[in-house]
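A.B. asks: Below: one structure in structure tokens.
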Amino acid sequence: MAAQPKPLPVHQPSYLEGGGIVGWLTTIDHKRVAVMYLASALFFMAFGGLEAMAIRVQLWHPDNHALSAATYNAFFTMHGTTMIFLVVMPLLLGFLGNFLIPLQIGARDVAFPRLNALSFWLALVAGILLHLGWIRGGLPDAGWFGYANLTERYFTPGLAIDWWVVGLLVSGTSTVLTGLNFLTTIIAMRAPGMTYMRMPMFIWSLLVTSILILIAFPALTIGLIFLLFDRFFDTHFYVASAGATPILWQHLFWLFGHPEVYIMALPAFGIISEVIPTFSRKPLFGYPMMAYSICLIAFLSYGVWGHHMFATGMGPVADSAFAITSMLIAIPTGVKVFSWIATVWGGSLRMTTAFYFALGMILEFTIGGLSGIMHASAPIDLQQTDSYFVVAHFHYVLFGGAMFAILSAFYYWWPKITGRMLGERIGKWHFWLTVVGFNVTFFPMHIVGMWGMPRRTYTYGADMGWTHLNQLETVGAFILGIAFLLFYINIFKSLIGGERAPADPWDGRSLEWSTPSPPPAYNFATIPQIRGRDAWWILKYGRAGSRGVAAYMSGQTPTLSQAAQPVDVEHIHMPAPSIFPLVMSLGVGTMGLGLIIDWYRIVIIGAVVVVLSIIGMGFEYADFGQESHDPEHAPSSGGIDVRKIGIWSFIGSECVFFASLISTFIVYKSRSVTGPGPEILNIPLTSFSTFILLMSSLLMVLALAATQRGDKRWERIWLGGTVLFGLIFLCGQVYEFTSFMHEGMGLTTNLFSQSFFVLVGFHGAHVAIGVLWLSVLLVAAMTGNLGKSRALSVELAGLYWHFVDVVWIIIFTLVYLMQAVPGA
Amino acid sequence: MSDIADTHGGQVHHPGAATYLIIAAFLVVLTAMEITVFYVHALRPVLVPVLIVLAAAKFALVAMFYMHLKYDGWLLTGVFVFPLMMAGILLLALILLFAYLSNHMAPIG
């Protein structure tokens, strides 16, 4: 039975101790993974910051040539790409999310620790790929938004965009794995008693952010895959002369891009919702409405992407719809701002640096939000599009919102993470220089934007009247640079000799403050029983409110350390370290590198490493495929195994992936300017393939049923049958593709052929992966390594297989049987 | 033989072979109906709605019975259905947006 968190023995090695270099390279501890995210993000933040300062130097005076136009383009591209994909998201999710989710929900780790390590290594590989242009081929220079058809090889030859495409594909994969992991962790691994409405607001924000990641990133992945095909295999997904439209990229990009803003903003809201109550010494005002607001913001954020595209001419109906949803999103956002203010109101305030940054975030983000509402109105947006007003707006949102929150989080949770305090005095200097530098840099951009200064401009004429405000902005940028220099100094000073941090330096409210600073590897000696919101506060003071506080402050209430009861921690088994995440990431990086430098043997070597690593991970632990039975920690998901939730989350994300592919096919199938169209499709053959795939699903469930009842003979027969039917389906697809080639329809023939081959080919690749997965299980069954106790392995593979089947049901209908129905 | 197989320590019940075979029969019949509708020219005016209904029925049968959503409770259904719904919105929105674009763009060439 779960119990109150008991104090730990006097000497507990922290998660930072032991293991050496190999320990860090093979770690799957969520806290160590978080620290590695922190280190890489701080490194890339220095890069991105220096690029921003170089941009401001170039704009210091009119007709300046401090940078060449090409270098300027590369710097603003890499500044945006770096700050979004390699700094803000890794800090919010990889660093803070990783470190805090298990600690705040009372768990010992995330649901999939090895997947978590893989996410980090993939993110690092992505960062390296994105920056390899420094060495060969030049830096990407088409903007962080990479608008087509500027990114086509015809307009941007060389390797620069190749690095960008492959780097972002790897980064996106890493982020989706993180989202899947966090979602499963929060659903299934909360401590007993922690209902959804008792979760810390930071956890709420990450729960919703994870869902948003799973449904937003596949659209970017598809957009990047099309671009990759255009650049590497000569297709024309974004080439107007082939009948395609570059607008497709904009839709796919902003389908990801606007939810991405909230993927960065929602965790920031969560941070502020943790910091403000602690330093106001009040519970968060309007907790339920804050939680519902997060959900509503996320839901609406998926339907507002068009406000980035008013200038493309989507028509009055679409403009109106996107304008309305964009305006509506201000309502739940406003609820949050007012709730934070109401929490501060009447509180017993402690003016720490963390609280300063939190208050700063409310003010600066609100300014960004207000200018955002202007963009929701199509006529006003048309005046502001591509002007510096937009640059001002999104920096108030992403720097004023996300970065201020991140800095607040640093000062708040740093003691827990490192066991040392950050300097408050230098912190205050850091805060005020940041506020001054930030506003001096970005507020004048509203004005020069309204005066007509275009964004992404390399230089400007002296007669435009923009000189003085640009010089002011550059001064502001250097003040901001000094502020961040102080921040890095503060971190360095803290690490080498900062004041030791107690377990609960801020008199915190959530569970992480019940652990030592820094926490041990296992987080909690005993899994806590949660009795309400602000779980740690209630454990400290009961529900006595301020009277409890008074008793605590006067020393009448025993602290946990005073009530220490040694707990046996020997029985706690944490998962063993694994080298596979690192090896698999190296395989992925090798594949990307080989693709870009056009050396396909390298790609094959990388692919082999990836496949072997996946199989190795599958069988790494002796209890693979068995239901988890943690006697201390019954899953909060009603008994459903975390792996099952994980595979369903992945399948959910795949729905959006295939929806993006299918919608592109429908849009493009009738727009070819030459060559064959849908009439070439072979209905009798694919009808046969459809029957085969449907029957393979039947065999799959029969295999699962046989495994669950321990019938090894039929387990092998049905599994073998499923593999065989899968292979027959694949053979049919190979035959179909080959016959099309003989009839003169190749990948690059026209829009129909390329969208057909990519859609059906990706489905075929999923079938091939399924066949490989089932073949491995078949070998395990034939060698006696499967059986009833490992039925979960078969069930997970089966879910994937059935999903491949239902996708084919849709493809068969929309692609083959509706071939005579014209597309959009 | 019982049609209900007891799994997961008695917490979740999955159907047995008989149910799976019945579902397979339905899938075969529905697929045959789809192909028939495709080849019968008299049904062309209702081709799209009929095919969508038949495909949706097949999709639902596989998801509910073979993927066990009917038996595994609301949580997994929610994890699947919400992204599925958003995917559907995306599909429809893109088709409509490009339909407008196609009708209002200058002819190619």
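Since every read-out is calculated from the coordinates, none of them should be taken as a lab result. Nothing here was measured: the structure is a model prediction, and the numbers come from that model. All Cβ positions, even for glycine, are placed from backbone atoms using ideal geometry, and neighbour counts span all protein chains on display.
A.B. asks: How much length, in nm to one decimal, is gained on full extension between residue A:342 and residue A:586, taken as 0.36 nm per residue of separation minus their Cα-Cα distance?
C.D. replies: Values: separation 244, 0.36 × 244 = 87.84 nm, distance 4.93 nm.
This chain segment gains 82.9 nm when fully extended.
A.B. asks: What is the calculated FRET efficiency for residue A:495 to residue A:472, with r their C-beta to C-beta distance and R₀ = 41 Å, to the nearest 0.05?
C.D. replies: Values: r = 35 Å, r/R0 = 0.86.
Efficiency for this residue pair is about 0.70.
A.B. asks: Near the amide H of residue A:420, under 5 Å away, which other amide H atoms are found, from residues 5 or more places off or on another chain, if H is placed in the peptide plane?
C.D. replies: Under 5 Å from the amide H of residue A:420 lie the amide H atoms of A:501, each far enough along the sequence or on another chain.
A.B. asks: Provide the packing ranking of A:395-401, B:43-49, A:711-717, i.e. peptides ordered by the mean count of other C-beta atoms within 10 Å per residue, highest first.
C.D. replies: On the way: A:395-401: 23.7, B:43-49: 12.1, A:711-717: 16.7.
Packing proxy ranking, top to bottom: A:395-401, A:711-717, B:43-49.
A.B. asks: Could you work out the relative contact order of region A:332-489? I mean the mean sequence separation of Cα pairs under 8 Å and 6+ apart, divided by the number of residues, in percent. Mind showing how you got there, number by number?
C.D. replies: Working: 160 pairs, mean separation 44.1, N = 158.
In percent, rounded to a whole number, it is 28.
A.B. asks: Please label the shape of region B:38-109 as rounded, prolate or oblate, based on the square roots a ≥ b ≥ c of the eigenvalues of the alpha-carbon gyration tensor (a/c under 1.5 means rounded; beyond that, a/b larger than b/c means prolate, else oblate).
C.D. replies: Note, shape of region B:38-109 comes out oblate.
A.B. asks: Just check region A:318-428 against the gyration tensor rule for me: Cα atoms, a ≥ b ≥ c as the square roots of the eigenvalues, rounded for a/c under 1.5, and otherwise prolate or oblate depending on whether a/b exceeds b/c. Don't skip to the answer; put the middle values down first.
C.D. replies: On the way: a/c = 3.08, a/b = 2.05, b/c = 1.51.
Judged from the Cα gyration tensor, region A:318-428 comes out prolate (a/c at least 1.5, a/b above b/c).
A.B. asks: Counting only other chains, what is the mean number of Cβ atoms within 10 angstrom of the Cβ of each residue in peptide A:214-220?
C.D. replies: Mean partner shielding for this stretch: 3.
A.B. asks: Work out the mean other chain Cβ neighbour count within 10 Å for the residues of A:691-699 and drop it here as an integer.
C.D. replies: Numbers: counts 5, 0, 0, 10, 3, 0, 9, 10, 2.
That average works out to 4.
A.B. asks: Further question on the same structure: State the answer as a single residue: which of A:214, A:237, A:288 lies farthest towards the positive end of the charge dipole of region A:195-297, with beta carbon charges of +1 for Lys and Arg and -1 for Asp and Glu, about the Cα centre.
C.D. replies: So the residue furthest toward the plus end is A:288.
A.B. asks: Sequence gap at least 6, Cα distance under 8 Å: using those rules, report the relative contact order of chain A to the nearest whole percent.
C.D. replies: Working: 1323 pairs, mean separation 139.6, N = 824.
Once divided by the residue count of chain A, the mean separation gives 17 percent.
A.B. asks: Calculate the dipole size of chain A relative to its Cα centre from +1 charges on Lys and Arg beta carbons and -1 charges on Asp and Glu beta carbons; express the result in debye to the nearest 20.
C.D. replies: Working: 40 positive and 41 negative charges, 371 e Å.
For this selection, approximately 1780 debye.
A.B. asks: Name the residue from A:352, A:20, A:447 whose Cα lies farthest towards the positive end of the charge dipole of the protein assembly as shown, charges +1 on Cβ of Lys and Arg and -1 on Cβ of Asp and Glu.
C.D. replies: A:352
A.B. asks: In addition: If R₀ is 25 angstrom, what is the calculated FRET efficiency for the pair residue B:36 and residue A:679, using the beta carbon separation as r and rounding to 0.05?
C.D. replies: Values: r = 19 Å, r/R0 = 0.78.
E between residue B:36 and residue A:679, to the nearest 0.05, is 0.80.
A.B. asks: So how far, in whole Å, is the C-alpha centre of region B:66-103 from the one of region A:468-540?
C.D. replies: 40 Å
A.B. asks: Just to check I understand the Karplus step: with θ = phi - 60° and J = 6.51 cos²θ - 1.76 cosθ + 1.60, what whole-Hz values come out for region A:711-727, glycine and proline as x?
C.D. replies: 8, 5, 5, 6, 4, 5, 4, 5, 4, x, x, 5, 4, 4, 5, x, 5
A.B. asks: Can you run phi through the Karplus equation (6.51, -1.76, 1.60; θ = phi - 60°) for region A:514-521 and list ³J(HN,Hα) in whole Hz, with x for Gly and Pro?
C.D. replies: Running phi through 6.51 cos²θ - 1.76 cosθ + 1.60 with θ = phi - 60° gives 7, 9, x, 10, x, x, x, 4 Hz.
A.B. asks: Follow-up question, since we're still on this one. In deg cm²/dmol, rounded to 500, what helix-only [θ] at 222 nm does chain A give when every DSSP H run of at least 4 residues adds -39500 (n - 2.57) and the total is split over its residues?
C.D. replies: Computed mean residue ellipticity for chain A: -21500 deg cm²/dmol.
A.B. asks: What distance in nm lies between label points placed 7 Å from Cα along the C-beta direction at residue A:50 and residue A:457?
C.D. replies: The answer from the label model is 2.9 nm.
A.B. asks: For the protein assembly as shown, just say rounded, prolate or oblate: build the C-alpha gyration tensor, square-root its eigenvalues into a ≥ b ≥ c, call rounded for a/c under 1.5, and beyond that prolate if a/b exceeds b/c, oblate if not. Walk me through the numbers on the way to the answer.
C.D. replies: Numbers: a/c = 1.79, a/b = 1.15, b/c = 1.55.
Oblate, because a/c is 1.5 or more while a/b does not exceed b/c.
A.B. asks: Here's a follow-up. In whole angstrom, how far apart do the alpha carbon centroids of region A:398-430 and region A:371-394 sit?
C.D. replies: 31 Å
A.B. asks: Work from the charge dipole of region A:89-175 (Cβ charges, +1 for Lys and Arg, -1 for Asp and Glu, about the Cα centre) and give the residue of A:158, A:116, A:89 farthest towards its positive end.
C.D. replies: Working it through, the farthest residue towards the positive pole turns out to be A:116.
A.B. asks: Let me ask another. So, in Å, what gap is there between the alpha-carbon centers of region A:665-714 and region A:267-330?
C.D. replies: Cα centroid of region A:665-714 versus Cα centroid of region A:267-330: 40 Å apart.
A.B. asks: Using θ = phi - 60° and the Karplus relation 6.51 cos²θ - 1.76 cosθ + 1.60, list the HN-Hα couplings for region A:486-503 in order, rounded to whole Hz, with x at every Gly or Pro.
C.D. replies: Karplus values, whole Hz, x for Gly and Pro: 4, 4, 5, 5, 4, 4, 4, 4, 5, 5, 8, x, x, 4, 5, 9, x, 5.
A.B. asks: Once amide H atoms are built 1.01 Å from N in the peptide plane, which residues 5 or more positions from residue A:387, or in another chain, come under 5 Å H to H?
C.D. replies: Those qualifying (amide H under 5 Å, at least 5 residues apart or on another chain) are A:455.
A.B. asks: Now, a different point. What Rg and what Dmax come out for region A:42-124 when only alpha-carbon atoms are used, in angstroms?
C.D. replies: My reading of the Cα-based Rg and Dmax gives 17.9, 58 Å.
A.B. asks: Mind checking B:37-50 for the average number of partner chain beta-carbons within 10 Å of each residue's beta-carbon? Let's see the in-between values first.
C.D. replies: Details: counts 1, 8, 2, 0, 0, 0, 0, 2, 0, 0, 4, 5, 0, 1.
Taking all residues of B:37-50 together, the mean is 2.
A.B. asks: Related question: Residues with amide H under 5 Å of residue A:670's amide H, sequence separation 5 or more or different chain, H placed in the peptide plane at 1.01 Å from N; which?
C.D. replies: It is A:823, by chain and number.
A.B. asks: Still on this structure, please answer the following. Kindly rank A:432-443, A:74-85 from highest to lowest mean number of other beta carbons found within 10 Å of each residue.
C.D. replies: Listed from highest to lowest mean packing, they are A:74-85, A:432-443.
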